[in-house]
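Derivation of every value follows stated rules applied to the coordinates shown; laboratory data play no part. On a predicted model such as this, the values are computed, not experimentally measured, just so you know. Methodologically, a virtual Cβ is constructed for each residue, glycine included, from the backbone with ideal geometry; neighbour enumeration extends over all protein chains shown.
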Amino acid sequence: MLKFLYQTKKRFTMIIIPARIGSTRFPNKVLIDIAGVPMVIRTAQAVESIDRVVIATDSQKVMNVASKYGIKAVMTSSQHHSGTDRIFEASQKLNLADDEIIVNVQGDEPFIETEVVQAVFDLTKRQRSDKEIIMSSCYKNIDSQEADDPNIVKVVTTKEDLALYFSRSKIPYSRDLDFHEYKGHIGIYGFTKKSLATFCQLSSAPIEDIEKLEQLRALHHGFKISMTQVQTQSFGIDTPNDLEKALKVFNNQY
């Protein structure tokens with residue numbers, strides 16, 4: 001039985017999890033075993049209590065695994081350059097309305113808390129009438145040592161929590177070495193179907209390719225990204241070292 005909540009709770013959003021099988025840094029990572037369950041399924045299970053969840057993939061293996069666990073999945077093109085492009089194709093195949101809110105949760109976030117996803121949804125809902133804001137996202141406070149890790153994306157924001165820039169480098173640079181409160185970006189994005197379409201029609205940006213951060217495409221073209229601070233213990237699994245850490249966490253929990 002597919003785990004959709006059409007009958008039991010009010011429909012407010014669609015959570016779409018992009019799951020590309022051919023990751024260059026960590027091939028097949030979305031299917032890596034996390035305490036007996038593939039990582040992308042762990043991620044879907046972590047957020048399925050919120051509302052409808054769909055996995056958008058380019059892999060029949062992922063489709064089969066999703067079916068085994070009762071998670072809806074949509075086959076998408078293998079030619080997409082970003083996860084956002086992939087979820088847009090999925091949103092089209094699902095015939096979502098232009099004003100429907102779509103939350104993009106990365107497939108390598110098996111520890112993501114429902115409160116974090118809810119915070120991004122709430123922010124997207126509040127600001128969806130602002131045409132200058134193309135997407136919403138979130139960050140957590142991290143220390144200087146964590147900010148040294150290029151796998152943790154940093155964000156600098158305005159006083160209104162609009163993103164100024166995202167980087168794998170340590171930003172802002174502390175010339176006097178007395179700054180220790182950095183903002184670590186959490187790769188969850190909220191769109192409306194309409195703003196998602198707008199984003200995917202934008203041409204790629206040079207800074208996007210340099211940093212390998214697709215959200216920089218929006219800033220390059222003059223759009224705004226609204227941010228919200230969250231409290232989270234979650235972390236993405238980008239490397240084998242992250243996987244080792246994740247397995248230790250699950251072994252402690254179960």
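Structure summary
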| read-out | value |
| --- | --- |
| Pairs, first at negative phi and polar (S, T, N, Q) in the stretch 126-149, second exposed (fewer than 13 other Cβ atoms within 10 Å of the Cβ) and part of a loop (DSSP other than H, G, I, E, B), C-beta under 7 Å, six or more apart | 141/181; 144/180 |
| Search result, residues across the stretch 33-64 that are within 20 Å of residue 235 (Cα to Cα), charged (D, E, K, R) and part of a loop (DSSP other than H, G, I, E, B) | 48 |
| Enumeration of residues in the stretch 156-211 that are in contact (Cβ under 8 Å) with a residue 60 or more places away in the chain, aliphatic (A, V, I, L, M) and assigned to a strand (DSSP E or B) | 162, 163, 186, 188 |
| Matching residues, the stretch 49-90, being under 21 Å from residue 215 (Cβ atoms) and of a type in the set (Lys, Arg) | 86 |
